[in-house]
Structures are given as structure tokens and as C-alpha cells.
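Take a look at the structure set out below.
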Amino acid sequence: MERVGQGVTDIAPDDVVVPTLTPDRDRGIDSHGWFRDAFVENARDLVKISPALADVAMLVEPLTVTHHALCQAHALRAVRAGVELFRELSVVPQRVLVVGAGPIGLLGALPCRTWGYVTVVTDLLETQSHRARLAGAAGCEYFDAREFTTQQIAADYGRFDIIVRASPPFEPLLAYLELLDRGGIFNLIGWEGGSRNASVDLATLIRDAVHHEWGIVGTLGGRDADFRAAVERLGVMHESFPEALNSMITSFCAPRGLPSHVRLRPQRVKIGLDSR
């Protein structure tokens with residue numbers, strides 16, 4: 001934060017702040033523009049963050065997405081478990097499978113671990129990859145999806161209360177839906193462009209969803225409340241898993257060097273832009 005206007009008392013110059021945005025982006029990324037050095041924003045749409053978290057503050061916005069998704073799943077699970085919704089997410093024990101070990105997936109796995117959930121992460125990556133090691137550093141189990149059938153996954157890891165699909169292809173919905181336990185929630189984050197065709201036994205899918213009381217929920221993004229909650233959760237994650245959290249920001253580069261930087265670092269998780 002460089003300057004504040006008259007009457008602004010909640011934030012001050014030199015504070016570290018994160019701008020919020022709306023799911024439909026009518027305020028936030030699109031209005032600020034991409035890769036701008038500076039912009040003007042209403043004070044009410046800025047969330048202050050501890051200076052100790054300044055180096056990982058760029059993770060707040062993607063964390064709001066998974067936080068919102070997990071709150072949705074928690075709300076549905078809590079109703080079915082007979083728990084008041086205002087209780088902490090850690091009150092209802094969960095077994096969570098995160099499909100996709102990118103930034104969104106890992107930022108779904110880490111808060112699950114802070115709530116004490118048994119958390120398993122999978123991706124099309126070797127178990128010794130950087131992302132797999134990040135998941136392990138936060139206490140998650142990891143498996144290479146290319147090496148396991150759903151039957152093997154169920155045998156080795158059991159069934160799950162929540163499955164978060166944080167990878168673009170739609171196939172994980174069809175491949176992993178049967179791994180949901182009774183009353184489980186499958187949360188879809190993000191989508192794949194274009195059109196894709198698949199053959200689905202719709203009658204069996206509907207029968208199983210009804211019989212097992214599954215829920216399928218889509219999540220687009222976080223709200224203002226999620227930004228504030230994400231800042232708080234980021235602090236807990238930083239205390240609990242500092243190595244894993246800091247290692248999510250793989251490197252920094254100047255905006256002009258981003259294309260070549262991305263090509264040279266295929267195992268990247270999150271790249272920070274430094275325009276100084």
C-alpha cells in the first residue's frame with residue numbers, strides 16, 4: 001500500500017493488503033488489469049494481511065476458491081451429520097481426496113490438514129515430483145494416478161467424504177465418483193474449455209447418486225468473507241506447514257521474462273512476478 005485517501009482509517013501506507021474480487025470478476029482482476037504495477041481501489045475492498053505473510057500473500061486469492069469449496073462441502077456434510085453449521089470445520093471429521101496437485105489443489109489440501117482431515121492428493125506426476133513432495137510435507141498421502149485403478153485406490157485408501165477436483169479435465173468426475181462414501185460431496189473447481197464427449201451410463205449414475213446420497217457441487221470463486229477467512233487460514237497454514245507453503249512459490253521473475261521462465265520450469269507451482 002503506497003497511499004490512502006482522506007477518511008481511510010483501517011489501513012495505512014506500508015500495510016500489506018490483498019484486493020478482493022467478485023466471482024463474476026466485475027470487480028477485481030479484470031477491472032485492475034493484469035500485471036499492473038499500481039491501481040486504485042476502495043478501502044472496503046482491500047484485506048489487510050500480516051507483514052509476516054507478505055511473501056505468500058499472492059496465495060490468498062486462489063486459497064479463497066478452495067476455502068469456499070470446502071465450506072460448501074462442510075455445510076452439506078454438517079447437515080447430514082446433524083452438526084450446527086456455525087461450528088468449526090474441524091468438528092466434522094472428513095476424509096478428503098484432492099484430484100490435481102497444482103496451486104488450487106495444494107491450497108485445498110493444506111487447509112484440510114490444518115482441520116485435521118485425512119487428506120490424499122493425486123495427479124499425473126511421479127511420487128518424487130516437487131508437487132508430490134509438497135503434499136507430503138503437509139502430511140498428505142500422495143499417489144500417481146497413472147498407477148492406480150479406482151479399485152486399488154479404494155483398497156489402499158478407503159472411500160472419501162469429500163472429493164475436490166482441482167484439475168481441468170472432466171474425466172476425474174467419472175473416474176473417481178465411485179470413491180465417494182455414503183453422503184459424500186464431489187466438488188468441481190474450474191472447467192475445461194471447448195466441448196468434450198464421453199459415454200456415460202446415466203441411469204446407473206443417477207441410481208448410485210440417489211442410493212448413496214451423493215452431492216455434486218460446482219465452485220467458481222470466493223466471496224469477500226472468503227478472502228478474510230483465507231487470510232486467517234493462510235496464517236494457520238504458515239505456522240503449521242511453513243516449508244510446504246513457502247515452497248509453493250517456486251520462483252520469481254520479471255513480467256517480461258515470464259514466458260521463457262514458464263517453459264524452463266515445468267515443475268512450477270506458483271510463479272511470482274517482481275516488477276521492481
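The values are calculated or read from the model by the stated rules, or taken from the named source; none is laboratory data. These numbers come from a predicted model, not from an experiment. Cβ sites come from the backbone with ideal geometry, for glycine too, and all protein chains shown count toward neighbours. Ligands, DNA and RNA are excluded from the accessible area calculation, which covers all protein heavy atoms including side chains. Shrake-Rupley method; radii C 1.70, N 1.55, O 1.52, S 1.80 Å.
Whenever you get a sec, line up 216, 49 from highest to lowest accessible area (probe 1.4 Å, protein heavy atoms).
216, 49
What list of ³J(HN,Hα) couplings, whole Hz, do you get for region 41-52 from phi and the Karplus terms 6.51, -1.76, 1.60, once you set θ to phi - 60° and write x for glycine and proline?
9, 5, 4, 5, 9, 10, 10, 7, 10, 4, x, 5
For 214, 191, give me the order by solvent-accessible area with a 1.4 Å probe, most accessible first, ignoring ligands, DNA and RNA. Provide the component values of the computation, followed by the final result.
Numbers: 214 35, 191 185 Å².
Sorted descending by solvent-accessible area, the residues read 191, 214.
Output ³J(HN,Hα) for region 65-70: one whole-Hz value per residue in order, computed from phi by the Karplus curve 6.51 cos²θ - 1.76 cosθ + 1.60 with θ = phi - 60°, and x for Gly and Pro.
5, 5, 4, 4, 4, 5
Need the full-extension length gain, residue 171 to residue 212, defined as separation in residues times 0.36 nm minus the C-alpha distance. One decimal, nm.
On the way: separation 41, 0.36 × 41 = 14.76 nm, distance 2.06 nm.
Taking residue 171 through residue 212 to full extension adds about 12.7 nm, to one decimal.
Work out from phi, with θ = phi - 60° and the Karplus expression 6.51 cos²θ - 1.76 cosθ + 1.60, the ³J(HN,Hα) of each residue of region 152-165, listed in order in whole Hz, and give x for Gly and Pro.
Coupling constants for region 152-165: 5, 4, 4, 5, 8, 10, x, 9, 10, 7, 9, 10, 10, 8 Hz.
How large is the accessible surface of residue 173 in square angstrom, using a 1.4 angstrom probe and rounding to the nearest 10?
For residue 173, solvent-accessible area is about 40 Å².
From largest accessible area down, sort 48, 270; use a 1.4 Å probe on the protein chains.
Working: 48 105, 270 55 Å².
So, going from the largest accessible area down, we get 48, 270.
Roughly speaking, what is the stretch gain from residue 152 to residue 191, that is 0.36 nm per residue apart minus the C-alpha to C-alpha distance, in nm to one decimal? Please report the intermediate quantities before stating the final value.
Values: separation 39, 0.36 × 39 = 14.04 nm, distance 2.69 nm.
Contour length minus Cα-Cα distance gives 11.3 nm.
Using the beta-carbon distance between residue 220 and residue 128 and R0 = 30 Å, what value does 1/(1 + (r/R0)^6) give for FRET efficiency, to the nearest 0.05?
My answer for the efficiency is 0.35.
How far apart, in nm, are the 7 Å Cα→Cβ label points at residue 3 and residue 204?
So the label points at residue 3 and residue 204 sit 6.6 nm apart.
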